[in-house]
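Accompanying notes for the structure given below.
The values are calculated or read from the model by the stated rules, or taken from the named source; none is laboratory data. This is a predicted model, so every value here is computed, not measured. Here Cβ is always computed from backbone atoms with ideal geometry, including for glycine, and neighbour counts include all displayed protein chains.
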Amino acid sequence: MVASRNSQEYTAQPLDSTTSYLVQVYSRENLPVHGVQRFCFAGDTFFGRYLAGKLARPTWREGWSNGCGSLLAAPPSSSTWKAS
């Protein structure tokens, strides 16, 4: 993540509900970024229009879950993913 903003920053009026905007950079190469931490966002997260279709395929879902295992201390279980 290289930048973030919150919708509250665009108004002086207090908001009951806000939206966070994150700018993320993805690369197959190891980028020379110092102080890097890895996070796995879940919940109301938008990764693109086509991820649900890929997660619906068991082979792709297993590969994705196994790939997360090499990056995260506790990867999500692929059996918990359900495409809508």
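Name the residue, out of Leu71, Leu15, that is of a type in the set (A, V, I, L, M, F, W, C), part of a loop (DSSP other than H, G, I, E, B) and at pLDDT 75 or above.
Leu15
How many of the residues making up region 1-20 are loosely packed, with under 10 Cβ neighbours inside 10 Å, out of contact with any strand residue (DSSP E or B) (no Cβ under 6 Å at 6 or more places or on another chain) and aliphatic (A, V, I, L, M)?
1
Among (1) at pLDDT below 75; (2) at negative phi, there is one condition Gly63 misses while meeting the rest; what is its number?
Looking at each condition in turn, Gly63 falls short on (1).
Suppose the filter is at pLDDT 85 or above and loosely packed, with under 11 Cβ neighbours inside 10 Å; does Asp44 pass it?
Spelling it out, it is not the case that Asp44 is at pLDDT 85 or above and loosely packed, with under 11 Cβ neighbours inside 10 Å.
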